[in-house]
């Protein structure tokens, strides 16, 4: 009996962790730390906080927006957001104020340097909200997520194979998790690849992208363009994602553990920190 209670408590905590988008925040943190080590650059604390707070606010706002548009029967997450709507709105407001403060006071130069990204992001955001975007949402999310993560490292030249592999990991993750929301997207008339394709083809596309990304990663390591420690971090992220698809078919856990597949990307910075190899 006590074991069941503990299991239920752990399950509720993990689902709340996902509902409140902490998994997204942790993943973004892992991505930034990983590429900071890869490109051998410094990441200012104010910029890191700006990223994490902005992403958290955006995802909370997105979940609340989805909850308001969802038609009964409501999902567990939507019920939580609607029951705590005022608290969530206050949290979003406070986070946006903090993000604006960090951006305009400490990271104004960064914002000016990346105004093209911000302008494109705002246009796409409006098009998606107004249901006018001609590009499937999975593509937009993957492109802007990857682009956004790489903004602090824009001084680097070329397109490293590790970045290509990272983008394909993001795309495979998005394609697979968006399959869960297929019916909701159909009701809300959201432009997604999952509605263009049958469920079987959508799953096949996610697997194809996943295998392509892992192939790029292996080729980069074999050609010695990706150092072993970064191959290890990204490779374990691919392994985590693949095992999640196999062992966690339940939608709520699939989303949570798919997002947490970026945790192994903490590995290279940790290795460098304790070994002094850098």
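Quick note: the coordinates plus some simple rules give every number you see, no bench work behind them. Everything numeric in this text was worked out from a predicted model, so none of it was measured. Heads up, the Cβs are rebuilt from the backbone with ideal geometry, glycines too, and the neighbour counts pull from every protein chain shown.
At a glance:
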quantity: Residue with peak Gaussian network fluctuation, the chain [Cα springs, cutoff 10 Å], from 86, 18, 212; calculated: 86
quantity: Listed peptides 163-174, 38-49, 258-269, 53-64 by packing density, highest first (mean Cβ within 10 Å); calculated: 163-174, 258-269, 53-64, 38-49
quantity: Per-residue Cβ neighbour rank within 10 angstrom, fewest leading, 226, 139; calculated: 139, 226
quantity: Cα centroid separation - the stretch 227-278 against the stretch 100-179, whole Å; calculated: 21 Å
quantity: Share of pairwise Cα separations in the chain, more than 35 Å, in percent; calculated: 17 percent
quantity: Residue 144-residue 22 FRET efficiency (beta carbon distance; Förster radius 22 Å; 0.05 resolution); calculated: 0.60
quantity: Two-site label geometry, residue 154 and residue 189: point separation in nm, points 7 Å out along Cα→Cβ; calculated: 3.5 nm
quantity: Residue 43-residue 223 pseudo-label distance in nm [points 7 Å out on the Cα-to-Cβ vector]; calculated: 2.7 nm
quantity: Most to least packed among 103-111, 217-225 [average Cβ atoms within 10 Å]; calculated: 217-225, 103-111
quantity: Segment residue 83-residue 212, length gained on full extension (0.36 nm per residue, minus Cα span); calculated: 42.2 nm
